[in-house]
Amino acid sequence: MASQDWSGWQDWLDAWNRRDLDAVLSLYADDVSFTSNAVVSLGVDGSGSIRGKAALRQVFAAGLRAYPDLHFRPLHAFVGPKGRALHYFGIQRRHVIEIHEVDAQEKIIVASAYHGPLPEG
């Protein structure tokens with residue numbers, strides 16, 4: 001697949017950009033593992049990692065409340081044997097690399113987000 005293959009990401013991007021929390025969460029497995037600086041910065045868990053859809057709902061709902069203008073703009077998509085990665089502009093135009101490992105039903109079972117520094121100016 002080409003590096004610009006958005007097929008694995010389109011539903012995820014569309015749900016986030018509609019601010020549709022239930023649609024976003026429907027893409028994740030019940031026992032998902034999620035690691036991100038957002039887990040810490042939103043005050044959910046100091047370790048940066050959570051497990052399970054209930055905890056994920058808490059993180060994502062806090063993010064939607066904290067950032068009413070949230071919009072993700074994709075830059076590059078990548079695919080691998082177990083999942084996919086996306087490079088996008090996220091909150092406050094920060095570069096983000098997000099990696100999803102998916103199960104046989106294409107539900108996200110492991111998600112990790114890596115945030116770049118805030119842009120200057």
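What pairs come out if I take residues in region 107-121 that are under 15 Å from LEU25 (Cα atoms) and pair them with residues that are among the acidic types (Asp, Glu) and in a loop (DSSP other than H, G, I, E, B) whose C-beta lies under 6 Å away, six or more apart or interchain?
Short answer, once both residue conditions are applied: ILE109/ASP103.
I'd like to know if region 43-50 contains one or more residues that are farther than 25 Å from PRO117 by Cα and over 14 Å from the mean Cα position of the chain (by Cα).
no
Could you please find all residues in region 86-108 being hydrophobic (A, V, I, L, M, F, W, C) and surrounded by 19 or more Cβ atoms within 10 Å (Cβ to Cβ)?
The answer is LEU86, VAL96, ILE108.
Under 8 Å by Cβ, and 6 or more places apart or on different chains, what pairs join a residue from region 55-69 that is among the small types (Gly, Ala, Ser) with one that is assigned to a helix (DSSP H, G or I)?
From residues that are among the small types (Gly, Ala, Ser), the pairs are ALA61/LEU21; GLY63/ALA38; GLY63/ILE91.
Of the conditions (1) over 14 Å from the mean Cα position of the chain (by Cα); (2) over 18 Å from ASP14 (Cβ atoms), VAL110 satisfies every one except a single condition; which number is it?
(1)
Please go through region 70-85 and give me each residue that is assigned to a strand (DSSP E or B) and either in contact (Cβ under 8 Å) with a residue 24 or more places away in the chain or β-branched (Val, Ile, Thr) (or both), ordered by number.
Hits for region 70-85 are PRO74, HIS76, ALA77, PHE78, VAL79, GLY83, ARG84.
Residue-by-condition table, conditions (1) aliphatic (A, V, I, L, M); (2) modelled with pLDDT under 95; (3) not in a helix (DSSP H, G or I):
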| residue | (1), (2), (3) |
| --- | --- |
| MET1 | yes, yes, yes |
| TRP6 | no, yes, yes |
| TRP16 | no, no, no |
| VAL24 | yes, no, no |
| ASP30 | no, no, yes |
| SER33 | no, no, yes |
| ALA38 | yes, yes, no |
| GLY46 | no, yes, yes |
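The values are calculated or read from the model by the stated rules, or taken from the named source; none is laboratory data. Fair warning: this is a prediction, and the values are worked out from it, not measured in the lab. Note: ideal-geometry Cβ built from the backbone for every residue, glycine included; neighbour counts use all protein chains shown.
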